[in-house]
Number of protein chains: 2
Amino acid sequence: MEKPQRNWDTKRVQKAQRLAKISNLMTGKYVETNQIITVLEALIAPGDKVVLEGDNQKQASFLSQSLNLVNPKKVNHLHMIMSSISRPEHLDIFERKIASKIDFSYAGAQSVRVSQMIEDGKMKLGDIHTYLELYGRLFIDLIPNVVLVAADKADKAGNLYTGFNTEETPTIVEAAAFKDGIVIVQVNEVVDELPRIDIPAGWVDVVVPADKPYELEALFTRDPQNITELQILMAMMAIKGIYAEHGVQSLNHGIGFNTAAIELLLPTYGASLGLKGKIARNWVLNPHPTIIPAIESGWVESIHSFGGEVGMEKYIAARPDIFFVGQDGTMRSNRVLGQIAGQYAVDMFIGSTLQLDYDGNSSTVTRGRLSGFGGAPNMGHNPGGRRHSTPAWQSLRDQDNALGKGQKLVVQMVETYGANKKPIFVENLDALAVQKQAGLANAPVMIYSEDTTHIVTEEGIAYLYKATSKAQRQAAIAAIGGVTPLGMTSTKESLDQLRHAGIVKLPEDLGIKRSDAKRSLLAAQTIDDLVEWSDGLYEPPMKFRTWS
Amino acid sequence: MEKPQRNWDTKRVQKAQRLAKISNLMTGKYVETNQIITVLEALIAPGDKVVLEGDNQKQASFLSQSLNLVNPKKVNHLHMIMSSISRPEHLDIFERKIASKIDFSYAGAQSVRVSQMIEDGKMKLGDIHTYLELYGRLFIDLIPNVVLVAADKADKAGNLYTGFNTEETPTIVEAAAFKDGIVIVQVNEVVDELPRIDIPAGWVDVVVPADKPYELEALFTRDPQNITELQILMAMMAIKGIYAEHGVQSLNHGIGFNTAAIELLLPTYGASLGLKGKIARNWVLNPHPTIIPAIESGWVESIHSFGGEVGMEKYIAARPDIFFVGQDGTMRSNRVLGQIAGQYAVDMFIGSTLQLDYDGNSSTVTRGRLSGFGGAPNMGHNPGGRRHSTPAWQSLRDQDNALGKGQKLVVQMVETYGANKKPIFVENLDALAVQKQAGLANAPVMIYSEDTTHIVTEEGIAYLYKATSKAQRQAAIAAIGGVTPLGMTSTKESLDQLRHAGIVKLPEDLGIKRSDAKRSLLAAQTIDDLVEWSDGLYEPPMKFRTWS
């Protein structure tokens, strides 16, 4: 067999050549803050695949701002890979023609602009991913040439401390460090000795002290004072009709006020039902402050976290029995491991959405907003690769099928009219229009109907997994659809049948009085209350304080 | 709200107390080899959850043998968590009543004994898991008290080098290190300076030099001389009828001779079809030696590996453009990241099984053998959390559904009569009997019918994803069932219909002559040929050598 001549270390040679260009700027692995633009121009080549760390909270903001200042004649046509598009310059680099293509997971505050730029042809969309599939591709067909990440501290050798906000940093560094990619890290601080090492120096090529600490936002903090009585009613139904009904032990909560209400009702309403120790013990969750009362009153056994949450540092450090905390006393988060746990190892995912169609498919992508999904679809689907059983999982098993197995509880909790006073239930998801507009291969559905086992509204709970036909499924959704157009199609006869079959339960079926859903039931009604529950360890960011 | 008094660092205190008991035996983090039994008796308490590293290849064999020698009066009722039950002492500890309960993924050579011990009540089964769900539970409801792992080298400080066989070590260490569990590591060698750091010393509590290097087996090496012409025929059909048909770019191969045949046909038969560069470019794969000719002839762009394979070290080190290799020149494998990539980021999983039922459900668990599945179900299912598309994925999309999406190709490749001369197709999987026998909640199915898109036998290919009914699905399997009882139910009329609908293709439909399926088509026909392809860099273990 003829064997072509070939070099097998082209990436390594190329990396060495690039690094040689800045050897005069380097002291050990360090470069000066004010040299970063020169460094980026030397190390990044046109067409490179570049991972720019934009976690949910932590942003490699010094590096993203610096990338936006490079000369587009030198650095262009970059293929950006970002789990989160969070900052203006994440898109400015496309306006400046430094970058041309993007693969991402979540867009958040930049979702309108993302949508517009794709429509205008300023940005070529690779695809929208869930977190795990984006990380997976870093080892398959999106292997990065350069990664730009953020750490809290580095020592002189270049070992990194990511601490509380470890998030995705080790994963994206690994993809580059072991495939002759270049790892560039901005650090808040250089110290002689690190509290602990999260990423070894050998995985790092260039360390640059940032001009100021990386941007970090308390994105998942929900102020209890904004929780409504309608949300409290829904939370009571969820606790009694789902958590208790199925014996849910392990779970992930979304980040909305609905699930914050559940967290704050466990120590009060949950306790009155005698559920303590029986439900909601093991969590995968960003450390929401609203979970504090449930922890303090002994409901929670463990919490693994995808990332940190500003203000929770001291509280977590003082609760190592609950959180994952290092020998240094600081939490270690890990987005990849948290997502795996959230997909495979929990009984339930419960969250909210912006639209549900009449079949129960949901999306947070709405007209003009290409927001992506983050991790929701990882956790909000029935994992076909799961083989172990738990009581909650098993409670959804089809008993008539000899080869049947359990199912993950995937719960959507929505008010029938959303924040914009529009019905949450729509005949066709906006995702279909966005698919056409953005030229996507498939409609950007967040959670598919087939995976959605329960929907909770202020009207009641639809136990969709019990429906035996598509028509019955739709009728069940209509029955809890309130006065939305879909809800108005529901008849008393249909409702009675569905209640009789146990497919729909109203508050009265669950023994819940609507008039009992009072704010006084919340274990904490304000941020101050949360601080008090935490023995003063929770330190809310200024914007959540009513005092100074 | 009343707030109970409570200590929040009980695990940390307990850990410190345990470590204090051996402080007189420790020099830094090191204990002497001959002190290990005393150390284990001091650090492990009755009822502990203990992760014992049994990877596919790498075994913490010194620690497992030592655990089997502790005094059962001191250490008992352990709840063992093991991805692989591989060695006799993994079960001896149950005979000796040191351990009582097990959660695992794969049993391999010990599967008969596992089955027997569960039936005899000597071992209580938690559950059988895929790798990812077992790792996920380490952060949710199976948080370990102690982990026993193996590394190649440690430095004086206790930093670890796991090199080539990193596998699952960092993941299970992380679960303990950040939840006040105790991390005990056996090392082959203590050195002044490590080639690189895979796990920082801060994550490690106790290092013990092993009496001899950890056990390591070349489990995934398939000698080309054992590949049959029937397997070559099937491989030709797979390449033309599946890889080329769907444009499969990224994939995982199982570890059987069937897929080894495909690897060895790419440079010959594949090249003759003009497929080079068009298919099978990005892989997640243990570094099977049979992939060498495809690499050398330029078919392969990248390979990420779950673990290593004995003998491939030097070859991989010389091919950093293909494999994930560190700055030290040695591969870094990572089972968790590889499994994520294999689940979410590849077009196809193709593997073999021991039984298929008439609907297409498969299992490797057969009567008397509780073997488990390892990672096959992670990769061999249609991932409900995937949102990005690729041409192969998209080629299976249901075009009639506006909210439709692509599907992963999950291919089973089997001869109609298995190695034991029994039909591979059975009316009922043995898994159903094993379920009852072992008291499992659900039948241990490896890959479900709903996820299986293609079956290849020596008779032809069934494109199951095209079947529109259960009856048609079963007919398609029967049509390629040969002279098995299921195959004999297929009629000429049914076959003609299925061929006409494109649901079944015979070799002649693919333009393949059965008589062309010759061993001479294999790019390497012996292990020697593989060594030659590798420029002498592949160093086969003794048992695969015909020379000395």
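The values are calculated or read from the model by the stated rules, or taken from the named source; none is laboratory data. None of the values given here were measured: they were computed from a predicted structure. Methodologically, a virtual Cβ is constructed for each residue, glycine included, from the backbone with ideal geometry; neighbour enumeration extends over all protein chains shown. Heads up: the accessible areas ignore ligands, DNA and RNA and are worked out on the full protein's heavy atoms, side chains in. Shrake-Rupley method; radii C 1.70, N 1.55, O 1.52, S 1.80 Å.
Each copy carries B:Pro88; placing its label point 7 Å along the C-beta direction from Cα gives inter-copy distances of 7.2 nm, listed from smallest up. Note on chain A: helix-only mean residue ellipticity at 222 nm, from DSSP H runs of 4+ residues weighted -39500 (n - 2.57) and normalised by residue number, equals -7000 deg cm²/dmol. To the nearest 10, the accessible area of A:Ser297 is 10 Å² with a 1.4 Å probe. Straight-line cross-link partners of A:Lys58 among the lysines, defined as a Cα under 19 Å from its Cα and at least 8 positions apart when in the same chain: A:Lys153, A:Lys212, A:Lys314, A:Lys543.
When only Cα pairs below 8 angstrom with a gap of at least 6 residues are kept, chain B shows a relative contact order of 14 percent. Once backbone amide H atoms are built at 1.01 Å from N, A:Ile182 has A:Val146, A:Val147 as its partners under 5 Å, excluding neighbours fewer than 5 places away on the same chain. With a 1.4 angstrom probe, the accessible area lost at the B-A interface totals about 8400 Å². Against chain A, whose longest principal axis is taken from its Cα atoms, helix A:10-21 shows a tilt of about 70°.
Going toward the positive end of the dipole of the stretch B:489-548, with +1 on Lys and Arg Cβ and -1 on Asp and Glu Cβ, which of B:Gln525, B:Thr546, B:Thr489 do you reach last? With unit charges placed on the Cβ atoms, the residue in question is B:Thr489. Dipole magnitude for the protein assembly as shown: about 800 debye, using +1 per Lys or Arg Cβ and -1 per Asp or Glu Cβ, origin at the Cα centre.
Only beta bridges with both residues in the protein assembly as shown are counted; by DSSP, about 30 percent of them are antiparallel. Counting only other chain Cβ atoms within 10 Å of each residue's Cβ, the peptide A:345-353 averages 2.
Against the longest alpha carbon principal axis of chain B, how many degrees, from 0 to 90 and to the nearest 10, is the axis of helix B:470-479 turned? It is inclined by approximately 80 degrees. A Förster radius of 41 Å, combined with the Cβ-Cβ distance separating B:Glu189 from A:Asp211, puts the computed FRET efficiency at roughly 0.40.
Distances, shortest first, from the label point of A:Ala109 to those at the same position in the other copies read 5.8 nm; the point lies 7 Å along Cα to C-beta. Shape of the protein assembly as shown from its Cα gyration tensor (a ≥ b ≥ c, root eigenvalues): rounded if a/c is under 1.5, otherwise prolate when a/b > b/c, or oblate? It comes out rounded by the Cα gyration axes. Shown for B:Leu69: label points 7 Å from Cα along the beta-carbon vector, and their distances to the equivalent points in the other copies, 6.3 nm in ascending order.
Report the relative contact order of the stretch B:12-209, percent, no decimals, based on alpha-carbon pairs under 8 angstrom and at least 6 residues apart. Intermediate results must be reported in sequence, preceding the final value.
Numbers: 396 pairs, mean separation 43.0, N = 198.
Taking the mean separation of contacting Cα pairs over the length of the stretch B:12-209, I get 22 percent.
Taking the C-alpha atoms only, the angle from helix A:229-238 to the longest principal axis of chain A is near 80 degrees.
Counting only aspartates and glutamates at least 8 places from A:Lys101 when in the same chain, those with an alpha carbon closer than 12 Å to its own are A:Asp48, A:Asp127. The dipole here belongs to chain B: it is taken about the Cα centre, uses +1 on the Cβ of Lys and Arg and -1 on the Cβ of Asp and Glu, and is about 1100 debye. Be a star and scan the stretch B:234-259 for residues whose amide nitrogen sits under 17 Å from the point 7 Å along the Cα-to-Cβ vector of B:Lys518. B:234, B:236, by backbone N distance to the label point. Would you mind telling me the share, in percent, of accessible area of the stretch B:469-515 contributed by carbon and sulfur at probe 1.4 angstrom? With neighbouring chains kept in place, the figure for the stretch B:469-515 is 57 percent. For the stretch A:18-209, the Cβ-based charge dipole about the Cα centre amounts to some 620 debye (Lys, Arg positive; Asp, Glu negative; other atoms uncharged).
A straight chain from B:Ala16 to B:Ile37 at 0.36 nm per residue would run longer than the Cα-Cα distance by 5.7 nm. Expressed to the nearest 5 percent, the antiparallel share of DSSP beta bridges inside the stretch B:278-423 is 40 percent.
Inter-chain neighbour count for B:312-325: the average number of beta-carbon atoms from partner chains within 10 Å of each residue's beta-carbon is 3. Among beta bridges from DSSP that stay inside the stretch B:12-209, the antiparallel ones total about 15%. With 32 Å as the limit, the listed pairs A:Lys436/B:Lys278; A:Lys466/B:Lys3; B:Lys421/B:Lys492; A:Lys49/B:Lys408; A:Lys466/B:Lys422 have A:Lys466/B:Lys3; A:Lys466/B:Lys422 beyond it between alpha carbons.
Solvent-accessible surface of protein heavy atoms, probed at 1.4 angstrom with all chains present, puts B:Lys179, A:Lys240 in the order A:Lys240, B:Lys179, largest first.
Toward the positive end of the charge dipole of chain A, with +1 on the Cβ of Lys and Arg and -1 on the Cβ of Asp and Glu, the farthest Cα among A:Val114, A:Asn334, A:Gln59 is that of A:Val114.
Neighbours of B:Leu285, meaning other residues whose beta-carbon lies under 13 angstrom from its beta-carbon, give a summed charge of 0 when Lys and Arg score +1 and Asp and Glu score -1. Note on A:Lys436 and B:Gln525: their simple-model spin labels are 6.0 nm apart, each label 7 Å out from Cα toward Cβ.
Only one residue of A:Pro46, B:Pro72, A:Ser362 has its Cα farthest out toward the positive end of the dipole of the protein assembly as shown, where Lys and Arg carry +1 and Asp and Glu -1 on Cβ, and that residue is A:Ser362. Average accessible surface for the stretch A:446-548: 47 Å² per residue, computed with a 1.4 Å probe over protein heavy atoms with every protein chain in place.
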